[in-house]
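Below you'll find the structure, written out as structure tokens, and then a few comments.
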Amino acid sequence: MPKQPSRRYLIAPDSLKESLTASEAANAIALGIRQGDPTAQVELCPLADGGEGTLAVLADQLDAKRCQAEVQDPLGRPHTAEWGWIPTTGLAIVELAQAAGLGLLPSEERDPFRASTYGLGQLLRQVLDQRPREIMLTLGGSATNDGAAGALQALGASLLDRHGESIPPGLTGLLDLHQLSLADLDPRLAKCRITALVDVTTPLLGPAGATAVFGPQKGLQPKDLASADAALARYAALLAPTRPELVTHPGAGAAGGSGFGLMAAVNARLEAGGEYIARLVDLEARIARADVVISAEGTLDSQLAQGKLLSVVGRHAKKAGRPLIALCGAVSAEDHLLQAQGITAAFAFCDRPLTLQQSQQDSARLLQREARQLARLLAHPALRNERRCGPERL
């Protein structure tokens, strides 16, 4: 009997929110695959979609220097944020979540009426000291819903109430916003290109907008959604009165409306983060070399089709005719949605009833276990084809 060729796996996960980085998830899956099938060939390709953890992925891929800056966290407390710098090309990599991320606040402190992107503006000011040619700004994972108003204030914009006083941070301030001026905005912003990577296609306002879709997970109560959305609408009318099309631009609602704010104020160009990084790491070629693609996500739900990373990996896997297996903490997306997004099969890796906190703390072990079982199954002789002649065969 001829020797069976080893199966080739591409491990291409996103980070698992508040649990594992993309690299940690990839390593856990790879370890499980090798335990289940010692003959397997495994290639690791940690990915990101513009959300938290994107800085780490991009810094590794582009060999960027990791720098630090002292800023405020979402609630105004001192905090050290990281950013990436490539002096040879003049590219700075800035992750909003480093300064205004949901992961910086415990659940009991999450409150978009107080949380602000002011720290992001402080971070950008320090980055501008290096005179970058381009700033790559990743917008996912925010704790805020202020449309980047706080960031613009830190960069010199004037946001005033009816009494001519600067508005306070967060949605509380936007509720009283009466006058807005960009006249004193940091002029260095106009001298560099700003590319903003977004992980959603959400518009700014309405039932499918930033507040309605993501506000609750940031701490907004149902009774507050209408007033919060109205505050963003007033802000939008003052910031971009002649550009109403920006409100409905895909990704305008990213990071609590920061996509809109940055487009309107500094002419940021929004890019779908998942596709951008897929091109950067040559994901298409890597998938073509594999027999099986494995990705991971914390929760697989109806937001899958809104620009999430798994849909990007699925699109490329489907094009190449490769099976994509998703390992997730929870799976609620319907089968027809999974198939439409190129996902062959999805498995929830929690092996017993667990709280969210327990599953987050145990994610590495659970991912490893699920990958081990999967590899053991696929390595079974009954599933191997002795005439296997191409990577399209399982």
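Values computed for the structure shown
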| read-out | value |
| --- | --- |
| Residue list for region 185-235, restricted to those being under 28 Å from Arg279 (Cβ atoms), among the polar types (S, T, N, Q) and not in a loop (DSSP other than H, G, I, E, B) | Thr195 |
| Strands (runs of 3 or more DSSP E) fully within region 10-120 counting 2 or more residues that are touching a Gly at 6+ places or on another chain (Cβ under 8 Å) and surrounded by fewer than 19 Cβ atoms within 10 Å (Cβ to Cβ) | 65-72 |
| Region 172-200 - residue that is surrounded by fewer than 14 Cβ atoms within 10 Å (Cβ to Cβ) and not polar (S, T, N, Q) and, of those, nearest to His249 (Cα to Cα) | Ala190 |
| Test: residue in region 143-159 that is touching a strand residue (DSSP E or B) at 6+ places or on another chain (Cβ under 6 Å), on the phi > 0 side of the Ramachandran plot, assigned to a loop (DSSP other than H, G, I, E, B) and not aliphatic (A, V, I, L, M) | no |
| Among the candidates Ala196, Ala226, Ala154, residue that is of a type outside the set (Val, Ile, Thr) and out of contact with any Lys or Arg (no Cβ under 8 Å at 6 or more places or on another chain) | Ala226 |
| Gly140 vs. criteria at pLDDT below 95, crowded, with 16+ Cβ neighbours inside 10 Å and not assigned by TED's automatic domain parsing to the domain that holds Ala288 | yes |
| Wholly enclosed helices (runs of 4 or more DSSP H) of region 262-339 bearing at least 3 residues touching a His at 6+ places or on another chain (Cβ under 9 Å) | 283-289 |
| Residue match in region 270-281 (condition: on the phi > 0 side of the Ramachandran plot and at pLDDT 95 or above) | no |
| Hey, Thr201 under 22 Å from Pro106 (Cα atoms) and β-branched (Val, Ile, Thr) or not | no |
| Residue under evaluation Asp229, criteria (1) in contact (Cβ under 8 Å) with a residue 60 or more places away in the chain; (2) charged (D, E, K, R); (3) touching a Ser or Thr at 6+ places or on another chain (Cβ under 6 Å), criterion not met | (1) |
| Unmet requirement for Gly329, which otherwise passes all of (1) modelled with pLDDT under 90; (2) within 20 Å of the chain's Cα centre (by Cα); (3) more than 18 Å from Asp14 (Cα to Cα) | (3) |
| Matching entry among Lys65, Lys17 (being assigned by TED's automatic domain parsing to the domain that holds Val198 and in contact with a strand residue (DSSP E or B) (Cβ under 6 Å, 6 or more places away or on another chain)) | Lys65 |
| Answer from Ala254, Ala290, Ala231, Ala268 - the residue that is touching a Lys or Arg at 6+ places or on another chain (Cβ under 8 Å) and surrounded by 17 or more Cβ atoms within 10 Å (Cβ to Cβ) | Ala290 |
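Yes/no matrix, rows are residues, columns are (1) touching a residue at least 40 places away in the same chain (Cβ under 8 Å); (2) within 20 Å of the chain's Cα centre (by Cα); (3) closer than 21 Å to Leu232 by Cβ:
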{"site": "Asp129", "(1), (2), (3)": "no, no, no"}
{"site": "Met136", "(1), (2), (3)": "yes, yes, no"}
{"site": "Asp146", "(1), (2), (3)": "yes, yes, yes"}
{"site": "Gly164", "(1), (2), (3)": "no, no, no"}
{"site": "Gly170", "(1), (2), (3)": "yes, no, yes"}
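The values are calculated or read from the model by the stated rules, or taken from the named source; none is laboratory data. These figures come from a predicted structure and were not determined experimentally. FYI the Cβ positions are ideal-geometry reconstructions off the backbone, even for glycines, and counts take in every protein chain you see.
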